[in-house]
Amino acid sequence: MSKELLKKITTSLSWDDLVLQNETLKQINDILTWLKIKPLIHNSFSEGIKKNKGYRVLFYGPPGTGKKITASLIGKMADKEVYTPDLFAIVSKYIGETEKNLAEILYKAQKENWILFFDEADALFGKRTEVRDAHDKNTNQEIAYLLQRVEEYEGLLIFATNIKNNIDNAFIRRFQSIIHFHPPGPEERLVLWQKAFNSKDTLAKEVNMKAIADKYEITGKEIQEIAKRCKSQIKGIGKINNYHITKGIEVVYKLSGRKIPVR
């Protein structure tokens, strides 16, 4: 297999570092339960019933809400390697090449008992279009083939998208679980801010984490980026103050094209 088609993903984080809403965590625990009981299911039933025992799940929500980290942590908990296919390398303009690339990936992953994490899954499983020409017909046939192939996979397949409605409806019906990764609310953001600065970091007394969490609607990934920026600015000398934090917040707001709240 071409190494360019797959990339192993790992994380140094633990479940304690993941801050998600209770309903989201409950659905993730269902995946972990399935991974534990899957060997028992395969050992208990006849060969005819073993087929189609894979698990397909969709993670959807804004960027930076923990979808990729969650996939990595699931692999860590289940002691399984997690690989993410490079969808832009898989998708080909040549008829039949996309199907061939995906079949190769699924065969290898099945053989090695990997978890596959399809990030930006709409690149492969976007909505089918009205057939206007031969290209549309080939594209729709390609999606139909992909649906069939992933349905035959016996392991765990995780698909991620920022917008659920971008995924083809026929594929949506094939998920055992659809999990919404919400943007963190004020309470979750407070926990994320507190985790971003550990006991070794020196914060000025003026820093009010609760006020910052209440005011700025940002994701866990953005909070981590701001914390890294603040720490690099003081380089372990001095204290991190409101100026460092608000400048970091301004940067992430600007990069995402959002307006900074004035309240």
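Would you please list the contacts, defined by Cβ atoms under 6 Å and residues six or more apart or on different chains, that run from a residue in the stretch 210-222 that is under 14 Å from PHE197 (Cα atoms) to a residue that is acidic (Asp, Glu)?
As it stands, the answer is none, since no pair meets every condition given.
In the set LEU35, LEU25, which member is at pLDDT 90 or above and either of a type in the set (Lys, Arg) or touching a strand residue (DSSP E or B) at 6+ places or on another chain (Cβ under 8 Å) (or both)?
Going through LEU35, LEU25 in turn, just one is at pLDDT 90 or above and either of a type in the set (Lys, Arg) or touching a strand residue (DSSP E or B) at 6+ places or on another chain (Cβ under 8 Å) (or both): LEU35.
With a cut-off of at least 1 residues that are more than 23 Å from ASP17 (Cα to Cα) and modelled with pLDDT under 95, name the helices (runs of 4 or more DSSP H) lying wholly within the stretch 144-254. Show your work before the answer.
On the way: elements: 169-172, 186-196, 209-215, 220-234.
Once the helices (runs of 4 or more DSSP H) in the stretch 144-254 are filtered for at least 1 residues that are more than 23 Å from ASP17 (Cα to Cα) and modelled with pLDDT under 95, what remains is 169-172, 220-234.
What are the residues in the stretch 107-123 that are within 19 Å of the chain's Cα centre (by Cα), part of a helix (DSSP H, G or I) and surrounded by fewer than 18 Cβ atoms within 10 Å (Cβ to Cβ), if any?
Scanning the stretch 107-123 gives a single hit, ALA123.
Which pairs have Cβ atoms under 6 Å, sit 6 or more apart or on different chains, and link a residue in the stretch 167-194 that is over 30 Å from ALA144 (Cβ atoms) to one that is at pLDDT 95 or above and of a type in the set (D, E, K, R)?
Partner pairs satisfying both residue conditions: PRO186/ASP214; LEU190/LYS210.
Tell me, yes or no, whether the stretch 11-22 has at least one residue that is β-branched (Val, Ile, Thr), modelled with pLDDT of 95 or more and either in contact with a helix residue (DSSP H, G or I) (Cβ under 9 Å, 6 or more places away or on another chain) or surrounded by fewer than 14 Cβ atoms within 10 Å (Cβ to Cβ) (or both).
Among the residues of the stretch 11-22, not one is β-branched (Val, Ile, Thr), modelled with pLDDT of 95 or more and either in contact with a helix residue (DSSP H, G or I) (Cβ under 9 Å, 6 or more places away or on another chain) or surrounded by fewer than 14 Cβ atoms within 10 Å (Cβ to Cβ) (or both), which makes the answer no.
Suppose the filter is charged (D, E, K, R), at pLDDT 75 or above and within 22 Å of ILE179 (Cα to Cα); does GLU99 pass it? Step through it out loud before you land on a result.
Working: charged (D, E, K, R): yes; at pLDDT 75 or above: yes; within 22 Å of ILE179 (Cα to Cα): no.
Here the answer is no, as GLU99 does not meet what is asked.
I'd like the residue in the stretch 225-250 that is aliphatic (A, V, I, L, M) and either more than 15 Å from ASN208 (Cα to Cα) or in contact (Cβ under 8 Å) with a residue 40 or more places away in the chain (or both) and, out of all such residues, is surrounded by the most Cβ atoms within 10 Å (Cβ to Cβ).
Restricting to residues being aliphatic (A, V, I, L, M) and either more than 15 Å from ASN208 (Cα to Cα) or in contact (Cβ under 8 Å) with a residue 40 or more places away in the chain (or both), the top hit is ILE226.
The values are calculated or read from the model by the stated rules, or taken from the named source; none is laboratory data. Please read these numbers as outputs of a predicted model, since none were measured by experiment. When we count neighbours, we look across all protein chains shown, and the Cβ atoms used for this are built from the backbone with ideal geometry, even at glycine.
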